[in-house]
1. Would you kindly state the longest site-free stretch of the chain, with sites defined as chymotrypsin sites (Phe, Trp or Tyr not before Pro) in a DSSP loop (not H, G, I, E, B) surrounded by at most 12 other Cβ atoms within 10 Å?
2. Scan the chain and hand back the longest stretch that contains none of the GluC sites (Glu not before Pro) lying in DSSP loops with at most 14 other Cβ atoms within 10 Å.
3. Straight-line reach from Lys212: which lysines fall under 28 Å, measuring Cα to Cα and dropping same-chain residues less than 8 apart?
4. So what's the gap between the Cα centers of the range 1-43 and the range 241-261, to the nearest angstrom?
5. Please compute the per residue accessible area over the range 1-112 with all protein chains in place, 1.4 Å probe, rounded to a whole number of Å².
6. Can you run phi through the Karplus equation (6.51, -1.76, 1.60; θ = phi - 60°) for the range 218-224 and list ³J(HN,Hα) in whole Hz, with x for Gly and Pro?
7. Arrange the residues Val158, Val53 by how much accessible surface each exposes, largest first, with a 1.4 angstrom probe.
8. Note the full-extension length gain between Ala242 and Thr48 as 0.36 nm times their separation in residues minus their Cα-Cα distance, in nm to one decimal.
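The values are calculated or read from the model by the stated rules, or taken from the named source; none is laboratory data. Everything numeric here is computed off the predicted structure, so don't read it as measured data. Positions of Cβ are generated from backbone atoms using ideal geometry, with glycine treated the same way; all protein chains shown enter the neighbour counts. Ligands, DNA and RNA are stripped out before the accessible areas are found, and what is left, the full protein with its side chains, is counted by its heavy atoms. Shrake-Rupley method; radii C 1.70, N 1.55, O 1.52, S 1.80 Å.
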Amino acid sequence: VVFPEFRWAQPFVAEARSKLCENLLNDFAPGGVHIERSTHYHNITLETALSFVELARLNKIDAPPELCERLYSALLFAAYAQLPDGEIPLINDSDTLDHSGMFEAGFRLFRDPALQWVSSRGAQGAPLPTPSRDFDGYLILSDSWGQDPASFARRQHVFFDRAPLGAGSHSHYDLLSLCWFANGHPILVDPGRFTYDPEPDSAGIDWRGAFKSTAFHNTVEIDGKDQTRYRSKSKTPPPGVARYDKSRHTANHGPDVEIRGAAHHIGDCGDWAM
């Protein structure tokens, strides 16, 4: 792109476009949720993807329609997941970060006024057509999108997790956990990742394992056990914690929990889930 006069410039451009599109279509599932199921990784990957599409268009390089559709779905998930104060629920390994620029880029690309509504927190654009949605097991429930910035900030927002663990090692053992935001304030929160360091501290506490554990989330813990087993990447894990061995284990956790009898309803007079 920068040196179009080079003999192999166009083959390189075509190869880069092909590989980036293939990678991004693998990163985001058809429903729009990032495969590692971290709200933070979802957004930073999406920001990168939108930059790619925007820069490509400026250089007259078309992105495949399938990729644009997938990224639009990913934007909708990000819009629904975002809390009324502009933060994100820290699902799985996540950190806080301002993602308003991502929705501005999405509006420039897709011209959907709903993305502008989320970016401006109710100051510009138009509300999304429905306040609640199910995204591949993440139930995001709200009473409205507001009519202006004040009502946008006061609305209720519930993020209910019935989703699988996800790819990679960023999962937390938090099935059926929830985050709740109402009247301008968080009420129930997810703690996020806290640290990636797997080594126990001077008191022997493995904080990496603790923040992934069921006990650190707003869900039911049975008999004091995690919902699935945790394997530590530490060289010296605490007593009773198995060490992760990449040559033998496909992930640093055990199998997904199986949900039975799950049901939910969205719309009409209200939303519910079980």
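1. Working: sites that count: Phe6, Trp8, Tyr196.
By the stated rule (loop sites, at most 12 other Cβ atoms within 10 Å), 9-195.
2. Details: sites that count: Glu5, Glu221, Glu258.
Free of exposed loop sites, the longest segment is 6-220.
3. Straight-distance partners of Lys212: Lys225, Lys233, Lys235, Lys246.
4. Measuring centre to centre over Cα atoms gives 29 Å.
5. Ligands and nucleic acids excluded, the result is 49 Å² per residue.
6. Rounded to whole hertz, the list is 7, 8, 7, 10, 10, 6, x.
7. Working: Val158 35, Val53 5 Å².
The most accessible residue leads, giving Val158, Val53.
8. Value of the extension gain: 66.3 nm.
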